[in-house]
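Readers should treat all values here as calculations from the given coordinates under stated rules, not as data from a laboratory. A quick note: this is a predicted structure, and the numbers were derived from the prediction, not measured. Here the Cβ positions follow ideal geometry from the backbone for every residue, glycine too, while neighbour counts run over all protein chains shown.
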Amino acid sequence: MGLGALNAQMLLGNASITKKRQEIIKDALIAYLGANKRLPCAEVPAIGSITGQEACPNTVGTLPFVTLGLSRELATDGNGNLFSYRVSSQAAPVCAAVGASPGIDWKTTLCFGEGKQGTITVNDGTVASPTVLSSQVIAVVVSHGANGLGGFAPQGSRNANPVTCEEAHNAIIALGSCALTADTFYKGEREGNDDVVSFITATEAINALARQGTLKSAAGRVADDLATARNQMLGAKASVPLCTTPIAQIPSNPDPWGNAYVVPPESSSLACVCSSGGTGAVPPSAAACPLATSPTVCVTASAASVNATRLSLGLPAC
């Protein structure tokens, strides 16, 4: 076997190691999200001081492997450089209170929502001719490839700058000939970009955690919240002797998209609580709730269901 063939075989072996470690890292990130309802912040590398600990509120840096419960070896790619890491966050997310929490910041528990998406885009191809793989990414783990350009050496020093615009995006390093598009990465594994970019979408992570039973899906949590609201509505009406008490009960927590649940004006025969599903229209009245269409989801309490509850408790029907 010639030298060229040996080099090619070695590069393939290094790439295989890189991808296997990225898969382990993805699993660790998803598990961390399930346990903490957030992803870790990035570590900010410093020469001679790689701790593996997250350094909040930083969103860009190297993988916080100790925070994730991983070894230092798993935090390096097959070429011996540290994996770079980016976690999705808006510049100034609003996640302060119920009904005012639609902001996106996947490193902050207060901003967590099963229906929220990421802000990062990962493309295949080139800057001149990109193909979007996903525009809803919540975390990116980057190997800077065999050339290592733009990456970090094991001791924390930064390697030489990238040459191509695609690798510059992956390293988040502006070049004179390349205007960076914010929160945009290029998959690599091609001529001019030997990086290997692994990423996680919100849907991928939440679905995995829902299958494990760790978290509910967005639809599952809405169903639980609305079922609780309906039970509260029936209980409110059945707990008083008169039938004039308004019964709609708004869940105290925001829906999975960070918005408040909505109570359309109720009538004497129907009360309703809705989630807009992030983008849906809210019915103008309780009477319109049964006509709500996806992604809006509503639950109602009718006069018949109220009376059934009252009669079961020995109270007169309304």
* [x] 20.5, 58; [y] 25.3, 93; [z] 18.6, 60: which one is Rg and Dmax of the Cα atoms in Å as calculated from this entry? -> [y]
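To the nearest 0.05, what FRET efficiency results for ALA153 and LYS20 with a Förster distance of 30 Å applied to their C-beta separation?
Working: r = 21 Å, r/R0 = 0.71.
Efficiency computed from Cβ-Cβ geometry: 0.90.
Relative to the present Cα-Cα distance, how much length would full extension add between ASP27 and THR181 at 0.36 nm per residue of separation? Write out the running numbers ahead of the final one.
Details: separation 154, 0.36 × 154 = 55.44 nm, distance 2.80 nm.
Here the answer is 52.6 nm.
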* What helices in the chain pass both tests, a Cα length along the helix axis of 20 Å or more and a mean Kyte hydropathy of -1.0 or higher, using whole DSSP H runs? -> 3-36, 218-238
* By per-residue mean of other Cβ atoms within 10 Å, what is the highest-first order of 34-43, 71-80, 212-221? -> 34-43, 71-80, 212-221
* Using a Gaussian network for the chain with springs between C-alpha atoms less than 10 Å apart, which of these wobbles most: ILE47, ILE104, ILE138? -> ILE47
* Given the pairs LYS20/LYS216; LYS26/LYS187; LYS116/LYS187, which span a C-alpha to C-alpha distance of over 25 angstrom in this model? -> LYS20/LYS216
* To do: Determine the distance separating the Cα centre of segment 52-107 from the Cα centre of segment 276-318; give it in Å without decimals.
  => 41 Å
